[in-house]
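The values are calculated or read from the model by the stated rules, or taken from the named source; none is laboratory data. Here the structure is a predicted model, which is why all the values come from computation and not from measurement. All Cβ positions, glycine included, derive from the backbone under ideal geometry; neighbour counts span all protein chains shown. When the accessible area is computed, the model is the full protein with side chains, heavy atoms only, and any ligands, DNA or RNA have been set aside. Shrake-Rupley method; radii C 1.70, N 1.55, O 1.52, S 1.80 Å.
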Amino acid sequence: MNSKRVRRTLVATTGAVGLVALTACGAADTGKKDDVGGDKTVTLTVPSWVGAEANVSVAKYILEKELGYKVHTKQMGEVLAWDALSKGDIDGILEDWGHPKQEKQYLKGQKTVVKGGDLGVTGHIGWYVPKYFADKHPDVTDWKNLNKYAKDFKTSESGSKGQLLEGSPDYVTNDDALIKNLKLNLKTVYAGNESSQITQIKQNVKNKTPFLTYWWTPQWLNNQVDMVEVKLPEYKTGCDADPKKITCAYPKTPLQKYFNADFAKNGGKAAKFLKNFKWTTEQQNEVAGMIAGDKMSADAAAKKWVEENKSVWKKWLP
């Protein structure tokens, strides 16, 4: 998720800023022999949202089953991932929503990170209300009318103000600045992580309770829950240059891949495959839906998708 997903610089996963290793992980390998298992290894970061997990699970499955690599994964915050990528502790970030500070430091400055190309998915962050509420109150979809409905969004956590439900406190968003600068009677309240945010949204929908939430696309839940975006002031290039003064909506962001520079140069077939990896929002949502909606393991979801979509991923092989 300062990112153009302007989840500013999403820092971690379920509230913790530190990283959590999902699998044992050695030093980043660029097609060399691993000193433990003797296999070629690749290390990828797994961001905290399910769509990004879908990217990694499919890439991991193909790298291991088709190209003979051992893939290690690390779950960490976005900024930490950039630092790890620069050091070679991880080889690739498969979904980045835009980190101008890190791009300037590591791509243009130290040149330890290089672009890996488009993921093929365009991301967008916004504020959303449930369709059943928007149908009854069509003008709620204009930010200028949000104060009129603030009372409907109040919760015990937001006190006298309307609640703007957020996901992880580690997602760096523009929302507090937007509330202040647009003079809105709202308060950000954090669910803790994406999973908890989804739980609250589902509970509200079940009870037909009005709510206002920070939300984004692509998101598998959008296939199950109808929500309508609130129109914030139009985004124009540069309008988000000063996060403290921002008064505009979030941009639409073509999501990007980034690689450690040594890995990109010496990573052999793994690097070429990951550079070729490119799919659609619908394909990502299909895998994410299996993981989060159908409660399949990431490996099982990847296996199912790979087996059913050979014509898609065969084109990614070097």
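With +1 on the Cβ of every Lys and Arg and -1 on the Cβ of every Asp and Glu, and nothing else charged, how large is the dipole of segment 82-137 about its Cα centre, in debye rounded to the nearest 20?
Values: 8 positive and 8 negative charges, 52 e Å.
Dipole about the Cα centre, nearest 20: 240 debye.
With Cα atoms defining each centre, segment 196-268 and segment 68-128 are spaced 17 Å apart in the structure.
How much of the DSSP bridge set in the chain is antiparallel, in percent, rounded to the nearest 5? Each step should come with its number before you reach the end.
Values: 24 of 39 bridges.
That works out to approximately 60 percent antiparallel.
Global dimensions of segment 117-238 from alpha-carbon coordinates: Rg and Dmax equal 14.0, 46 Å.
In the chain, carbon and sulfur make up what percent of the accessible area (probe 1.4 Å)? Could you put the intermediate results ahead of the total?
Working: 6990 of 14230 Å².
Heavy-atom surface of the chain belonging to carbon and sulfur, 1.4 Å probe: 49 percent.
Give, rounded to the nearest 20 debye, the magnitude of the charge dipole that segment 102-219 has about its Cα centre when Lys and Arg contribute +1 at Cβ and Asp and Glu contribute -1 at Cβ.
Working: 17 positive and 12 negative charges, 44 e Å.
Dipole about the Cα centre, nearest 20: 220 debye.
Can you compute the charge dipole magnitude of the chain about its Cα centre, using +1 on each Lys and Arg Cβ and -1 on each Asp and Glu Cβ, nothing else charged? Give it in debye, rounded to the nearest 20. Show your work: numbers first, answer last.
Working: 47 positive and 37 negative charges, 122 e Å.
Dipole magnitude for the chain comes out near 580 debye.
Note that the chain presents 45 Å² accessible area per residue, ligands and nucleic acids not counted, probe 1.4 Å. Across the options Val287, Val312, Ala301, the greatest Cα extent toward the positive end of the charge dipole of segment 252-318 (unit charges at beta carbon of Lys, Arg, Asp, Glu) belongs to Val312. Among the listed options (i) 63, 42, 31; (ii) 65, 60, 49; (iii) 69, 45, 31, the one matching Cα extents along the principal axes in Å as calculated from these coordinates is (i). Listed cross-link partners Lys104/Lys244; Lys74/Lys304; Lys180/Lys295; Lys208/Lys278 are compared with a 29 Å cut-off, the Cα-Cα value being larger for Lys180/Lys295; Lys208/Lys278. Modelled spin labels at Lys244 and Lys115, positioned 7 Å past Cα toward Cβ, are 3.2 nm from each other.
Restriction of the trypsin sites (Lys or Arg not before Pro) in segment 228-318 to DSSP coil positions whose beta-carbon has at most 14 other beta-carbons within 10 angstrom yields Lys236, Lys244, Lys245, Lys295.
Ranking Val228, Cys239, Gly167 by Cα position along the charge dipole of segment 159-260, where only Lys, Arg, Asp and Glu carry charges on their C-beta atoms, puts Val228 farthest toward the positive end.
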